[in-house]
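A quick write-up on the structure given underneath.
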Amino acid sequence: MILLLALLSVLCGEPGLCLEEDGGFTFDGDIRQFAVTSNTLYIATEERLYQLSHDLTLINSLTQRGILKTGNKQDDVQFYRVSDTAEWNDTFSINVLLPFTKNDSLISCGVTGDHCGHCEVLDLKNISNLLYREQIQVGPLKSSSRSVSFLVDVKKKTENDTYILTAIQKKGRFEKRCPSDSETINLHNTDNKQGGGIFSLTDGASGTPRIKNKGDVEFVDGFQIKSTIYLFSNVLSAQTNRVRLIWLKGEKSKTDTLKSLRGATLSVSDGESSRLVASSVIPGEQPVLWSGVFSVDGGDTNTELMVFDISPDYSRAGDRDPDFYTSVPSEVTVTVLKPKAVLFRHSYMTSVLAVRQRGWIVFFIGTGDGQLIKRFQWEKGFVTQADTFSAMQSPQCLTSPWRRGRHSHHLVMTTTLSSFQQTRLSVDRKYHAACPTVLYRTSDDRKVIPKLHLDPVDRKHVYVPFRNQMKRVPVSKCSTYTNVQECWSAQDPYCGWCGSKSSCTFEDDCTDSDWLSIPDESQHKMISHKVEKDTNGQFPQCTCILSDRTLPADGLHVTVKFRLGSTQLSEQLRLTNCSDISGPPSSVLCQQCVKAGCGWNINRCSWADQTEINDSVCQNVQSGKNFSIPEISSITPSVVSFYGRNHAVLSGRNLDDVTAVRIQADTDCAPKESPVWDNTGFSLMFHIPTSDIKGVVRVCLLLPDGRCHGKAKITYSSLPSCTNITPSSSWISGKRKITLMGSHLNFVEGVVHSHAMQDVRLPRNISSQYLTYDSPAARSFSSSTLFVKLANETLACSTKLSYVPDPEFTSFTATRTGEDVHITIQKKADNLEMMIEELSVWGVQDDTKYQCIMEAKETWTNTDFFTCGFKSPSNHEFEELLIKYGDRTVSLGLESQLHKALQILRFMLIPCVIAVLVIIYFWQKRLTVEMNKP
């Protein structure tokens, strides 16, 4: 046991060797490359190579430090690792990391300190076992996120050969100290059985095939589907930027594969400034769908997620492209591909992963401000609702009976269950998207770097790489939804209601029971209903026929119950006579009509028909009252943290009738509404609510008729962070000016201390990187933790403020220099490090105060000396000094002069006392001698 504890302490003492509690792993340096296999992760940093299990538990790690040794030949220089404690003079920097699973090996290539290429082949199961090493360039010589490498299979007559495809960013030239045959796109061998040996570029008698490029190119992604190889790049020039797709057909040989290149241009906007940031193929059969994050203006803030059909076009001649070529470039017109849909607009998107889940496409999106966003998409065509219900148990519609005599008419209540279905329902081809969900969000602006990977073991987690961290984030948190309604409201295809467990779970966690999932289409209500009159026949939904007696004034209360498997669903409805919902046409009346299950037609409420009931019909209904259209000129502040902001001010025109401020993201998600107060018609106040997502939201002003007018934007950003504080101590009476430093501090609304949490100190002189405030008083000499307040939240800082006694001023002296008088104030030295800017001094003469201008501070022999001066005073004999620091004012006056006189008298009396003691001593000695005489 002692040995085990000792080992644990050693491991946890090493940086980057301990698993974090929140499902992450921190490394000893920045991530350069990482790869995922069926149950293992491999991560290369500048200092180490890691081997982790799928749950991010450390299996093994190797140092990247070593020495260079010269072999038998002069040019044969090899890199050899050394132990962590041994001397070293070189580092192996990995730029290519490829698990070769069918060969049980891990290929790692990069560059050593002599700027020469180096490759290693390691045991896939135990990276400590070195299988092969060679000095050779495979991949880029510099660490670059704009070069890609992956394994490809080339189909031959009897078998497939696996090669390493490297697509290297070619931008400018740099000195090559070591020879290399690499060009822009290359195919390297992976074993000695292939002609030319391991890592060779040659293709037998065909020579060394390679693809070159014209101009500057940066590669973003690449992969292989069946025999087709796909490569995505940005081709750059001074005037334009083109996003290019290359198809290669992996058949016959290296030469035939590279000469089969065909290209297309991905056109995403009218201009040519767009840039591809990240990409992910969408799993599935033909057509080949692919998603890409594009910067539409070439920058980082304006990014869009788009879907393309990238099915290969082999109808054109091969090896003819204006940007890429094996022999000479060709000035030909290339295929232009337009996006099938723009799925998502959001600032700072940096990575994307597409996954299929039942009838859905799920996109996981990483951002530059530290978010992992999940977004669902529907993609296929229609089937009827009758087909949907035929696969389920027939629902029973149970209502409270209501009859009163015989009637010639009847009411038909059609209730549609739109919450859970056991079969796949395919919907429209318009790529309608669900609301985005934030799965993980950093408090700061740590960038999510490409690429994201799905955990191949449980397929319930996503690996999210940051600069020096790897997070393993769940794809959903189904268990947090405690009932059927919550499980449905999440609108998450990963989550369904498990009847036997009575809980919201993943499908494979619900065995031997009905697992009820949401439909594969967007639904706003779990149970919807509409009321019709004189309808013949029944619909595929549950239809209940009721008496056509005049409905009660307060409506007919009905309980609708459904049973799906062992799960019971119920909804309380109130049926209203549609003809009784009357009045001047208005948006409010329309919404009341639709909510009651009735239909809105020709500006009046009527019985519903067979068309779909949707409150979108109310958006263009004019109000019965003429309200002035409000306009927004400014919102202060307009940039806040994702905790929101209290007491924001909105300015504009025609604000008198505004009832609330509506805030909505650029999606179809439900907006948030914040009530207003102190409305003057030209300005009003409101609270900016919290947000689940960082980014830009739209703002409009809500009128009593339900319409929303005006356009403005609010940007939600990261939380503030506190990194330093100066000075680091305060006098105990408080109100010392403290400067707090960090990031996003302009979001702070107040500062509090752990010893006085109710005393909120308002910041001043505030900016993004610093703010100042006055320290609160304390009752004891100790340290106090700082907190910052944002809206309704309080965040702890990593900084503390120490409290020490108030400064003690002991005396002052005055000297005249010409016409000026200078005052020197003495103070006992302490830990306050008080500056002259923190003192205000006045001289008092005949009950009149004169400002003494602070000049300098000096310290020696445990005493601080502060100097201030008066300009041409009539008399330099001041009766007292008033010294103010913080909120306190102390006086140095006649008492201090008397104290000085007493000190002088004390020093004058010391010789007298000594003389008296000497006289008494000799007198006693003499007296003793006389008494001892016989």
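Here's how it looks for L569: its modeled amide H is under 5 Å from those of F562, R563, L564, which are all 5 or more places away or on a different chain. Across the protein chains, with a 1.4 Å probe defining accessible surface, the residues R779, R698 rank R779, R698 from largest area downward. Here the extension length gained between K711 and F922 equals 65.7 nm, from 0.36 nm per residue of separation less the Cα-Cα distance.
Taking the centroid of alpha carbons for each part, the stretch 765-836 and the stretch 178-218 are 68 Å apart.
What a 1.4 Å probe finds exposed on the stretch 567-635 is 42% carbon and sulfur by accessible area, rounded to a whole percent. What the phi angles of the stretch 443-457 give under the Karplus curve with 6.51, -1.76 and 1.60, with θ = phi - 60°, is a coupling list of 6, 10, 10, 5, 7, 7, 9, x, 10, 8, 9, 7, 4, x, 7 Hz, glycine and proline written as x. Distances between placed amide hydrogens fall under 5 Å for L452 paired with V352, all partners being 5 or more residues away or on another chain. In plain terms, the C-alpha convex hull of the stretch 133-255 casts an average shadow of 8.3 nm² when viewed from every direction. When restricted to Cα atoms, the stretch 572-697 yields an Rg and a Dmax of 18.1, 48 Å, respectively. Heavy-atom accessible surface of the stretch 192-320, averaged per residue, reaches 39 Å², computed with a 1.4 Å probe. Carbon-plus-sulfur accessible fraction, the stretch 734-879 (probe radius 1.4 Å, protein heavy atoms only): 47%. The phi-based Karplus calculation (6.51 cos²θ - 1.76 cosθ + 1.60; θ = phi - 60°) puts the 3J(HN,Hα) values of the stretch 436-442 at x, 10, 8, 7, 8, 8, 7 Hz, whole numbers, x for Gly and Pro.
The 1.4 Å probe gives accessible areas that order E833, E930, E749, E486, largest first, as E833, E930, E486, E749. Carbon-plus-sulfur accessible fraction, the stretch 641-680 (probe radius 1.4 Å, protein heavy atoms only): 44%. Take D216: with every protein chain present and a 1.4 Å probe, its accessible area is about 60 Å².
Per-residue 3J(HN,Hα) values for the stretch 183-193, derived from phi via the Karplus relation 6.51 cos²θ - 1.76 cosθ + 1.60 with θ = phi - 60°, read 10, 6, 10, 9, 10, 9, 5, 10, 8, 6, 6 Hz in sequence order (x marks Gly and Pro).
The convex hull defined by the C-alpha atoms of the stretch 193-292 has an orientation-averaged projected area of 8.0 nm². Each of L261, V220, N302 was placed along the dipole of the stretch 200-340 (beta-carbon charges, centred on the mean Cα), and the one lying farthest toward the positive end is L261. Take the stretch 704-749 with all the other protein chains still there, run a 1.4 Å probe, and you get 36 Å² of accessible area per residue. Using every pair of distinct Cα positions in the stretch 204-249, the Kirkwood expression returns a hydrodynamic radius of 12.3 angstrom.
The values are calculated or read from the model by the stated rules, or taken from the named source; none is laboratory data. Because the structure is predicted, anything quoted here is derived from the model rather than measured. Counting neighbours? That spans all protein chains shown, and the Cβs are built from the backbone with ideal geometry, glycine included. Please note that ligands, DNA and RNA were not included when accessible areas were found on the heavy atoms of the full protein model with its side chains. Shrake-Rupley method; radii C 1.70, N 1.55, O 1.52, S 1.80 Å.
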